[in-house]
Structures are given as structure tokens and as C-alpha cells.
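The block underneath contains the structure these notes are about, expressed in C-alpha cells.
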Amino acid sequence: MHVHVIGAGLAGSEAVWQLVSRGVPVILHEMRPGKSDPAHHTGYYSELVCSNSLRANNIENAVGLLKEEMRRLDSLIMRQADAHQVPAGGALAVDRTEFAKAVTDTIRNHPLVTVVEEEITSLDFPPEDYVIVATGPLTSPALAEAIQKVVARDYFHFFDAAAPIVTLESVDLDVAYKASRYGKGEAAYYNCPFTREQYIRFWQELCEAEVAPVKDFEHGMVFEGCMPIEEMARRGEDTMRFGPLKPVGLPDPATGKDPYAVVQLRQDNGAGSLYNIVGFQTHLRWPEQKRVFRMIPGLENAEFVRYGVMHKNSYLNSPLLLNDDYSLRANSHIYFAGQMTGVEGYVESAASGLAAGIYLYRALQKKAKLVFPPETAIGALSHYISNPEVKHFQPMNINFGLISPWDGPKIRNKKDKNSAIAAKSLKILENYKNFLHD
């Protein structure tokens with residue numbers, strides 16, 4: 001009997017770690033660097049292909065709570081993210097190269113990990129073996145076809161996009177200014193302020209800019225959680241101003257007033273030499289990106305070290321296919337983890353890998369099934385993706401709406417209520433950890 005993990009992304013790497021740290025040998029199958037895909041640029045494991053931010057870090061935010069739960073469960077991804085973070089205000093952002101390199105070194109150097117650099121095109125493993133499929137939203141066509149045969153149901157798919165990265169030295173710092181919204185936390189973002197006239201011209205050009213051909217993807221399918229900026233612009237003149245270009249709480253030192261709109265730049269590497277354009281995931285042609293995005297005040301001479309790209313994401317109809325321990329209902333020896341299960345986001349993907357690894361370990365030890373409770377953020381995710389009552393299923397970030405509702409004394413203040421939910425979740429998690437050792 002062998003344990004296989006297919007894919008060394010965030011979910012796969014975390015699943016491997018949870019298994020080997022409990023003494024279970026793992027065969028890790030990863031096709032990169034021999035064969036890559038449209039989004040990855042290196043051969044490192046857990047490469048962050050879109051933003052370098054793991055989002056909010058405080059537990060009054062659901063993803064902050066999820067991260068804290070993972071830390072308490074010895075998450076490799078959280079350990080390396082904390083070790084390689086870069087300034088990002090109240091968010092946890094990382095030096096993407098150093099982070100991925102550290103994860104890769106940890107996994108590859110572990111004595112219980114056998115790495116096989118190959119593309120898996122079939123799930124016909126020996127029946128006594130166990131498998132965690134964590135190939136992510138960019139699963140290769142051959143493996144996607146093999147998975148479809150196993151699940152006997154159609155995939156869904158949607159568009160996702162990555163934001164451009166510029167060099168800091170090419171940003172006009174006489175125009176762009178550092179500030180945190182409402183002055184809270186560290187001033188980690190550079191802000192590029194628009195006047196109304198500048199914004200209208202930019203919006204008009206963005207709406208008319210030429211997009212790259214869609215190729216073999218289906219037309220018109222865009223996931224709301226990662227909306228290309230040009231698609232957002234086409235929804236209305238003010239849509240961006242109520243989204244990633246929201247200016248409130250970011251007064252321009254030159255005027256003392258909030259600008260009409262603002263584009264934020266977030267540090268992308270440890271040296272502070274690269275910044276990504278927050279919320280500007282895009283499918284524009286590269287020459288159009290250079291032309292239109294240089295209309296942003298302060299980016300007139302921006303040097304782009306990476307342009308935005310569009311790629312296809314695939315995910316399962318999990319509520320009809322998966323149990324709440326991420327195992328396949330039709331075959332309990334096959335588990336899935338990561339974005340292909342319908343959890344959306346870096347942290348959520350890693351959390352699903354963490355949970356799948358722990359669940360599989362318990363199965364190997366012939367221990368009773370013990371899933372994370374829905375009062376915890378980790379448990380809420382697995383409950384969401386496996387709940388057959390979920391209608392019109394699509395990928396979901398963790399949020400307090402997924403976690404079991406607060407049942408204590410009434411709390412009017414939202415932040416205080418979230419803090420109470422988080423405290424309850426962490427207490428339940430500690431009790432759960434005690435059961436894990438049984």
C-alpha cells in the first residue's frame with residue numbers, strides 16, 4: 001500500500017507535510033518543471049501565480065481566523081508564509097520566490113517524501129493505494145479527462161486572471177504616496193491618485209482596450225471573486241471606484257483630501273523592488289496593458305516585469321461528489337484538495353490540503369472519522385463544498401457566513417461579534433486537537 005499526492009501546489013504541499021510529519025511515507029507526483037502550464041513561471045512548489053497576498057491577518061476577518069487555525073495545526077504553508085512575509089499593512093503578503101523555495105526545500109528534503117517528476121494522466125492506482133488529487137484549477141487536460149471518468153460528472157470551469165507587477169524605481173513617487181486606509185496599521189501600500197478627469201479618461205480607454213483571444217476556453221464565464229479589471233470597468237463608470245479603486249480613507253498629501261479614485265500598489269518581494277497592481281488581474285493584450293495602465297497617475301513610465309495573464313480554472317461539482325473529509329463518495333481511497341474542490345483562495349486551498357492530509361492519516365490508522373466542526377473555519381469550508389443542499393455551486397472564499405452562526409448573547413458590533421465567533425472557533429479547535437491524538 002502506498003500514499004500518493006498528485007500536485008505540489010499549496011494544497012498538495014500542505015497535505016504531504018501533514019502526512020509525513022505523522023510518519024506516513026508519501027510519493028509526490030509533480031509534472032513541473034518538466035512540463036508547466038500558462039500561469040506558473042518556476043519549478044518551485046506552492047508558487048503563487050496571482051497575488052502575493054494571503055489577505056487579512058487579524059482573526060476578526062474570516063481568512064485571518066483560518067490562518068490562525070492552520071498555525072495551531074502546524075501548517076507548513078503558514079510557517080513559511082510567516083517566515084517570508086513582506087510589508088502589507090494588515091494583510092499577510094510574502095516574497096513569492098523565497099516562500100516557494102522554502103516550501104520546496106522542506107518537502108524535497110524530507111526523508112519520507114519520494115518525488116516523482118512526471119505528469120499523471122490516469123487515476124488507475126492499485127486499489128489498496130490512497131491518493132490525494134491536488135492539481136489545482138490548472139489541471140492538465142489528460143488528468144482532467146481521467147478525473148471526469150472517475151467522477152462520471154462534468155466539470156465546471158471559469159476564468160481567472162493574474163495582476164501585473166512593476167518595478168518600484170519606475171513609479172513616480174512624487175505622485176504615488178504611501179498610506180494605510182484611515183491611517184490604520186502600517187502604511188505599506190503606494191497609492192496612485194486620480195482626479196475625476198483622469199479617471200474618466202482611464203475608464204474609457206480601459207473599456208475599449210483590446211483583450212487577448214479566449215482560445216479554447218468557453219466565452220463569457222468569469223468568476224466574480226477574481227474579476228478582470230476590464231470586465232469590471234465595462235459594468236459601469238463607477239464600478240471600479242466601489243471596488244479596487246475605492247479612494248475613501250486615503251487622503252492625498254498633496255491636497256489633504258481623498259482622491260476621486262486610487263490604484264494601490266502592494267509590495268511583491270522581500271527587497272521591496274517589485275510591486276503588484278492590486279485588483280488589476282486582466283486579460284488585456286500585453287501592449288494594451290502597457291498603454292492603458294501607464295495612464296494611472298504615477299505609472300506613466302512604469303516598467304512591467306510581468307504582465308497580467310488569463311488562464312482556465314476547473315473545479316468539481318463537489319456537493320454531489322465529495323464527502324466532508326474531501327474523499328470521493330464513489331471511492332473512499334481517492335481524496336481531492338485545493339481549488340478544484342471549490343475552495344477559493346490561497347489560504348483556503350492550503351487549508352483543504354491540511355484537512356485532507358489529517359483525514360487520510362486517520363483513515364490509514366483505522367481511526368474513526370473525525371471531521372473539523374463547522375464552528376471552525378477549516379470545518380466550515382469542508383462542510384460547504386460537501387453539502388448537497390448548496391445550489392448553483394461555485395468557488396467560495398472563507399467568510400463568517402459559512403461558519404456556524406454565533407449562538408451566544410446578542411452582540412451588535414460586527415467586529416466584536418466576529419471576535420467572539422473567532423474565539424469560540426479557536427476553543428473548539430483546541431478540543432478537536434485533543435481528539436486527534438486519540
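The values are calculated or read from the model by the stated rules, or taken from the named source; none is laboratory data. Note that the structure is a prediction, hence the values are computed from the model and not measured. Note that each Cβ is placed from the backbone with ideal geometry, even for glycine, and that neighbours are counted across all protein chains shown. Side chains are part of the model used for accessible areas, which takes the heavy atoms of the whole protein and leaves out ligands, DNA and RNA. Shrake-Rupley method; radii C 1.70, N 1.55, O 1.52, S 1.80 Å.
Which net charge results when you count Lys and Arg as +1 and Asp and Glu as -1 among the other residues whose beta-carbon is under 10 Å from that of GLU47?
+3
Summing +1 for each Lys or Arg and -1 for each Asp or Glu among the other residues whose beta-carbon sits under 14 angstrom from that of LEU429 gives +1. Entry note: the chain has Rg to Rh equal to 0.97, where both radii use alpha-carbon atoms and Rh is the Kirkwood radius. If the limit is 30 Å between Cα atoms, which of LYS369/LYS414; LYS178/LYS433; LYS101/LYS366; LYS67/LYS149; LYS67/LYS246; LYS246/LYS410 go over it? Checking Cα-Cα distances, LYS369/LYS414; LYS178/LYS433; LYS101/LYS366; LYS67/LYS149; LYS246/LYS410 exceed 30 Å.
With Rg and the Kirkwood Rh both taken from Cα atoms, where does Rg over Rh land for segment 368-438? With Rg and the Kirkwood Rh in hand, the quotient comes to 1.01. Averaged over its residues, the chain has an accessible area of 42 Å² per residue, based on protein heavy atoms and a 1.4 Å probe.
In segment 75-190, a dipole from Cβ-located charges (positive for Lys and Arg, negative for Asp and Glu) runs towards its positive end, and of GLY90, GLY183, PRO137 it is GLY183 whose Cα lies farthest in that direction. Seen through its C-alpha gyration tensor, with square-root eigenvalues sorted a ≥ b ≥ c, segment 1-113 comes out oblate because a/c lies at 1.5 or above while a/b is not bigger than b/c.
Computed from backbone phi with θ = phi - 60° and the Karplus coefficients 6.51, -1.76 and 1.60, the 3J(HN,Hα) list for segment 257-266 is 10, 5, x, 5, 7, 8, 9, 9, 10, 10 Hz; x is used for glycine and proline. Taking θ as phi - 60° and the Karplus parameters 6.51, -1.76 and 1.60, the scalar couplings of segment 298-310 work out to x, 10, 4, 10, 4, 9, 8, 8, 8, 8, x, 9, 10 Hz in sequence order, x denoting glycine and proline. Amide H contacts for LEU284 (H built 1.01 Å from N in the peptide plane; partners 5 or more residues away or on another chain; cut-off under 5 Å): ALA212. Between segment 115-141 and segment 327-378, the C-alpha centres lie 16 angstrom from each other.
You can think of it this way: the chain between LYS427 and ASN317 has 36.4 nm of extra reach, that is 0.36 nm per residue less the Cα-Cα gap.
Rounded to the nearest 500, the helix-only mean residue ellipticity at 222 nm of the chain stands at -9500 deg cm²/dmol, with each DSSP H run of n ≥ 4 adding -39,500 (n - 2.57). Each Lys or Arg adds one and each Asp or Glu subtracts one; over the other residues with Cβ under 11 Å from the Cβ of ILE358, this totals +1.
Heavy atoms only, probe 1.4 Å: what % of the accessible area of the chain goes to carbon and sulfur, would you let me know?
After summing per-atom areas, the C and S share lands at 51 percent.
Here's the list of aspartates and glutamates a cross-link from LYS415 could span, going by alpha-carbon distance under 18 Å and ignoring same-chain residues fewer than 8 apart: GLU60, GLU68, GLU375, ASP407.
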